[in-house]
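The values are calculated or read from the model by the stated rules, or taken from the named source; none is laboratory data. Quantities reported herein were computed from a predicted structural model and do not represent experimental measurements. Neighbour counts are summed over all protein chains in view; Cβ atoms, including those assigned to glycine, are modelled from backbone coordinates with ideal geometry.
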Amino acid sequence: MISGRTTVAGIVGRPVTHSLSPLIHNAWLAAAAIDGVYVPFTPDAFGFERLAEGLRGGVVRGVNVTVPFKEAALKVADQATPVARRAGAANVLVFDRNGKILADNTDGQGLLQAFAAQAPKWDVQNGPVTVVGAGGAARGAAAALLEAGAPKVWLLNRTLQKAEAIARALGPKVAPLPLTHSVSALQQTTAVINATTIGLEGSGSLNLPLEVTHEATVVMDMVYKPLETPLLAQARALGRPTVDGLEMLIRQAVPSFVHFFGAEPPAKVDARALASHRFDRNGQVDDRRHVP
Ligand code: NAP
């Protein structure tokens, strides 16, 4: 129910139509009987700053930020948490009543909690971790892994210079490598994380030689559309433990909800089961699907 006191929050992205965040946050709001609503915003490609500036003052309490605006979100903020600064990107902006914009990044927390939930035997401190990609998600992942005690992070990317720039920002434990030179990293790694957009909605496959990894190496894909990406299918066929992007999405949403609505999401909502209703038989998000 919308009232004259409804707290408004949302998600800003381009595109944003397939985001599962409105579904998850609005289910939590309804179950907790909080007078709030969570809506999508899609500015044009150059309209993010204008939108964020216009929200100063707290008419909208806060927003999650997704592709391609996470780095712009950090830049527009007046204050940022240390984790957002290290990640070089923000996925949460809060607009306070004094006109200030506060930035946080809950993706790293979401990533580590997804590993804890779906690969509980994996220990971040046990050996090197391989992150594929050098965009905002990869930098956030590398920062969170180092913070949690990973001894080394291999950063594999098509454009080597972008991986090198992240290594300069995060320090000598990050080792940049071209995507075509993955074998040596994969042979030593305890986990492989896809932080590229490859695999998103049928956009091809990473084609990593996963067969060279140790049998306990965990394979994680941040992409969750489809739920079983080509990378996860390849890992499962080899018997490797896997972690999916939906788990990360749900886990990063929890601290976001606290930022916006000042309460923990109610435990009685099974966000994973709820979101899974949106996937069709092929694991693709189906927008037309009725969600109870
Ligand atoms: P981004 O900044 O646009 O970075 C994209 C990355 O993908 C770059 O490293 C890019 O390499 C690489 N890439 C794209 N197409 C490629 C291709 N054909 N071949 C090789 N590399 C390619 O995106 P982002 O913000 O980091 O997000 C990355 C992914 O993570 C997105 O799919 C996003 O939805 C997902 N994500 C999921 C969650 C979650 O909660 N599950 C959270 C955050 C992000 P170049 O540098 O060479 O261009």
- Task: For the range 87-144, name all the residues that are of a type in the set (S, T, N, Q) and over 12 Å from Met248 (Cβ atoms).
- Result: Asn98, Asn105, Gln125, Asn126, Thr130
- Quick check, is Val16 of a type in the set (A, V, I, L, M), out of contact with any helix residue (DSSP H, G or I) (no Cβ under 6 Å at 6 or more places or on another chain) and within 16 Å of the ligand (Cβ to nearest atom)? yes
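Looking at the range 149-172 only, could you name the residues that are touching a Lys or Arg at 6+ places or on another chain (Cβ under 8 Å) and within 13 Å of the ligand (Cβ to nearest atom)?
Ile166
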- Query: Which of the residues belonging to the range 248-277 are of a type outside the set (Lys, Arg) and surrounded by 21 or more Cβ atoms within 10 Å (Cβ to Cβ)?
  - Reply: Met248, Leu249, Ile250, Gln252, Ala253, Ser256, Phe257, Phe260, Phe261, Pro265, Ala271, Ala275
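Mind checking whether some residue in the range 30-40 is modelled with pLDDT under 95 and either assigned to a loop (DSSP other than H, G, I, E, B) or within 14 Å of Val65 (Cβ to Cβ) (or both)?
Narrowing the range 30-40 to residues modelled with pLDDT under 95: none.
There is no residue in the range 30-40 that is modelled with pLDDT under 95 and either assigned to a loop (DSSP other than H, G, I, E, B) or within 14 Å of Val65 (Cβ to Cβ) (or both).
Keeping to the range 148-169, report how many residues are closer than 15 Å to His181 by Cα and not in a loop (DSSP other than H, G, I, E, B). If you could, list the steps in order and put the result at the bottom.
From the range 148-169, those closer than 15 Å to His181 by Cα are 153-161, 163-164; that's our starting set.
Then keep just the ones that are not in a loop (DSSP other than H, G, I, E, B); that gives 153-157, 160-161, 163-164.
Here the count works out to 9.
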- Message: If Leu186 meets every condition in (1) in contact with a helix residue (DSSP H, G or I) (Cβ under 9 Å, 6 or more places away or on another chain); (2) surrounded by fewer than 16 Cβ atoms within 10 Å (Cβ to Cβ) apart from one, which number is that one?
- Response: (2)
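Give Ala80, Ala114, Ala84 a once-over and let me know the one that is near the ligand (Cβ under 10 Å from one of its atoms) and among the small types (Gly, Ala, Ser).
Working: Ala80 fails: near the ligand (Cβ under 10 Å from one of its atoms); Ala84 fails: near the ligand (Cβ under 10 Å from one of its atoms).
Just a single option satisfies the conditions, and that option is Ala114.
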- Message: Which count do you get for residues in the range 98-112 that are within 8 Å of the chain's Cα centre (by Cα) and farther than 13 Å from Ala144 by Cβ?
- Response: 0
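Does Ala175 meet the test of being more than 14 Å from the ligand (Cβ to nearest atom), more than 18 Å from the chain's Cα centre (by Cα) and either crowded, with 22+ Cβ neighbours inside 10 Å or without any contact (Cβ under 8 Å) to a residue 60 or more places away in the chain (or both)? Write out each step before concluding.
Working: more than 14 Å from the ligand (Cβ to nearest atom): yes; more than 18 Å from the chain's Cα centre (by Cα): yes; either crowded, with 22+ Cβ neighbours inside 10 Å or without any contact (Cβ under 8 Å) to a residue 60 or more places away in the chain (or both): yes.
It is true that Ala175 is more than 14 Å from the ligand (Cβ to nearest atom), more than 18 Å from the chain's Cα centre (by Cα) and either crowded, with 22+ Cβ neighbours inside 10 Å or without any contact (Cβ under 8 Å) to a residue 60 or more places away in the chain (or both).
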